[in-house]
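Have a look at the structure below before the remarks.
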Amino acid sequence: MCAHIAGVIIVLFQFTIILSGNLSFLNWLTIIPALACFDDGFWSGVLPRALVCKAAAAASRAEESQPMQITAWVIAGLIAILSIQPALNILSPAQIMNTSYDPLDLVNTYGAFGSVGQERLNVIFEGTMDETPDDKANWKPYIYKGLPVLLNKQPPQIAPYQLRLDWQMWFAAMSSPEEYPWTLNMMWKLLHNDPGAVNLFAGNPFPNQPPRYIRAVLYRYKFAKPGNPKGLWWNREQINIWIQPTSAKDPLLVKFLKSEGWIP
């Protein structure tokens, strides 16, 4: 009964996160091992009768193995002892995430995120055909498939699918270009309308020819108040220029990409 209660709590909690967030397949992966909390008696009432009968027939032919039972108890005892430190860490006010407590990494305090940000920051790539890439230029944004860009676009539900670029840019927005140097290679590819790079976005604002300049701008997004007259989903404010306007002929960009081996 206790195992059933634990399983129900875990599964319901994960479905709550699935319905309220977009953490790709992480929550579904958590549900899979939680299914082991439900015994054969539970599954026999849920699964198709033919499958239950087949499993029962196979179980009737199985023989109890004393060495296997001893091995299982030894492993359970070892894991219980090694789990003492991680359990104490969970109860500690100074909890540490993503830390292993033994050389074999049998137990740890793995977590998808060491901390959760309180703001929704977003780096948006913008291109222009204007000769002067200042704030007066006509900048067109590259629209992500999942992350917010347009203020009137409803947030999509994409889980369990993982949008790789959107996932990486979510982390990049909380860091700097120096920590995510591949974003410069992304800009280079957009400056050449590279199909592989462009297809990572919902669309190409420059379908006929690549833009003359591209920049990356860091914005802070907040949900707009429900029922606002413009029907907006988001409000945003510009924080800074994350990467300055760059052209395909920029010598510093070319030199950096060559040093990284990204272009010949």
### Message
Testing TRP182 on (1) of a type in the set (Phe, Trp, Tyr); (2) at pLDDT below 95; (3) surrounded by fewer than 13 Cβ atoms within 10 Å (Cβ to Cβ), one condition comes back false. Which one is that?
### Response
(2)
### Query
Residue check: is ALA50 out of contact with any Gly (no Cβ under 8 Å at 6 or more places or on another chain), modelled with pLDDT of 85 or more and more than 26 Å from PHE15 (Cβ to Cβ)?
yes
### Query
Hey, which of the helices (runs of 4 or more DSSP H) in the stretch 146-225, taking only ones fully inside, have at least 3 residues that are within 22 Å of PRO251 (Cβ to Cβ)?
182-190
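Looking at ALA56, ALA6, ALA50, which one is assigned to a helix (DSSP H, G or I) and under 36 Å from the mean Cα position of the chain (by Cα)? Talk me through it step by step, then tell me what you get.
Details: ALA56 fails: under 36 Å from the mean Cα position of the chain (by Cα); ALA50 fails: under 36 Å from the mean Cα position of the chain (by Cα).
The match here is ALA6.
Has the stretch 62-76 got any residue that is of a type in the set (A, V, I, L, M, F, W, C) and in contact with a helix residue (DSSP H, G or I) (Cβ under 6 Å, 6 or more places away or on another chain)? If you could, list the steps in order and put the result at the bottom.
Just the residues of the stretch 62-76 that are of a type in the set (A, V, I, L, M, F, W, C), to begin with: 62, 68, 70, 72-76.
Checking which are in contact with a helix residue (DSSP H, G or I) (Cβ under 6 Å, 6 or more places away or on another chain) leaves us with none.
No, the conditions are met nowhere in the stretch 62-76.
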### Message
Residues that are in a loop (DSSP other than H, G, I, E, B), of a type in the set (A, V, I, L, M) and surrounded by fewer than 11 Cβ atoms within 10 Å (Cβ to Cβ): does the stretch 70-80 have at least one?
### Response
no
### In the stretch 220-264, the residues that are touching a residue at least 40 places away in the same chain (Cβ under 8 Å) and not hydrophobic (A, V, I, L, M, F, W, C)
ARG220, TYR221, LYS222, LYS230, GLY231, ASN235, ARG236, PRO245, THR246, SER247, GLU260
### Message
Scan the stretch 241-258 and tell me whether some residue there is surrounded by fewer than 18 Cβ atoms within 10 Å (Cβ to Cβ), within 28 Å of the chain's Cα centre (by Cα) and of a type in the set (S, T, N, Q).
### Response
yes
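The values are calculated or read from the model by the stated rules, or taken from the named source; none is laboratory data. Note that the coordinates shown come from a computational prediction; the quantities given were computed from them, not determined experimentally. Heads up, the Cβs are rebuilt from the backbone with ideal geometry, glycines too, and the neighbour counts pull from every protein chain shown.
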